[in-house]
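Beneath this line is the structure, given in structure tokens, with notes to follow.
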Amino acid sequence: MAEIKPGREEAFLLLKEYNKSEGLIKHALAVEGVMRYYARKIGQDEEKWGIIGLIHDLDYEQFPAQHCKKSEEILTAHNWPSDYIRAVVSHGWGICTDVEPQSELEKVLYTIDELVGLVGATALVRPSKSVLDMKAKSVKKKWKDKAFAAGVNRAVIEKGSEMLGIELNELISDVIMGMREVADEIGLRGNC
């Protein structure tokens, strides 16, 4: 069967078929927003980048022990393009897969997945509860506190930052900018 180029609506329905957790859906929407922002910033295919960001954790809620592997099976069964599938699988490099991110898209997804979580957690402890008035220095301050958002793998972010050749401050600023674009959908408009 031939590969199909998935649309955003189809990707979102597939995400919701496998994920009921509001937190996981908001995370997917945040990663989508940041991927779209990055694609525009560097002149890439915003739709493709966004869809891959949206679907990257497709299997996480139902199959956490088989994360990325089940996504590969599900997306293959739905005839998704092999480069979309490879990108999804590569975001788990060194954690649950041995597929190393190689394209710019894959490197960005690998890097920002964890950072989105840290930025979101930082926003929630701010008086405004928002990304709209947040600066990179707020996230950097929380970065140093290893007990804060302890589940965020800072080593992955650092490795990704190196792979991309982007300084951490710039990376954090870009993630904030991408999350601002979807602040309403991810519940981080706060009281701004």
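Observations, loosely collected:
- Residues that are within 22 Å of G117 (Cα to Cα), surrounded by 16 or more Cβ atoms within 10 Å (Cβ to Cβ) and among the aliphatic types (A, V, I, L, M) within region 38-84 comprise A39, I51, I52, L54, I55, L58, listed in sequence order.
- Summed over region 163-176, the residues that are in a helix (DSSP H, G or I) and within 10 Å of K107 (Cβ to Cβ) give a count of 2.
- Note on region 116-153: residues that are under 22 Å from R36 (Cβ atoms) and charged (D, E, K, R) amount to 2.
- All positions within region 1-38 that are hydroxyl-bearing (S, T, Y) and not in a helix (DSSP H, G or I): S21
- Subset tally (residues that are within 25 Å of K41 (Cα to Cα), assigned to a loop (DSSP other than H, G, I, E, B), free of Cβ contacts under 8 Å to residues at least 60 places away in the same chain and not acidic (D, E)) for region 122-151: 3
- Qualifying residue in region 154-171 (condition: crowded, with 20+ Cβ neighbours inside 10 Å and either out of contact with any helix residue (DSSP H, G or I) (no Cβ under 6 Å at 6 or more places or on another chain) or farther than 24 Å from A39 by Cα (or both)): no
- Considering only residues in region 101-118 that are over 8 Å from the mean Cα position of the chain (by Cα), of a type outside the set (S, T, Y) and within 14 Å of D45 (Cβ to Cβ), the one that is surrounded by the fewest Cβ atoms within 10 Å (Cβ to Cβ) turns out to be E104.
Just so you know, all these numbers are worked out from the coordinates, no wet-lab data involved. Being a predicted model, the structure only gives us computed values, none of them experimental. Here Cβ is always computed from backbone atoms with ideal geometry, including for glycine, and neighbour counts include all displayed protein chains.
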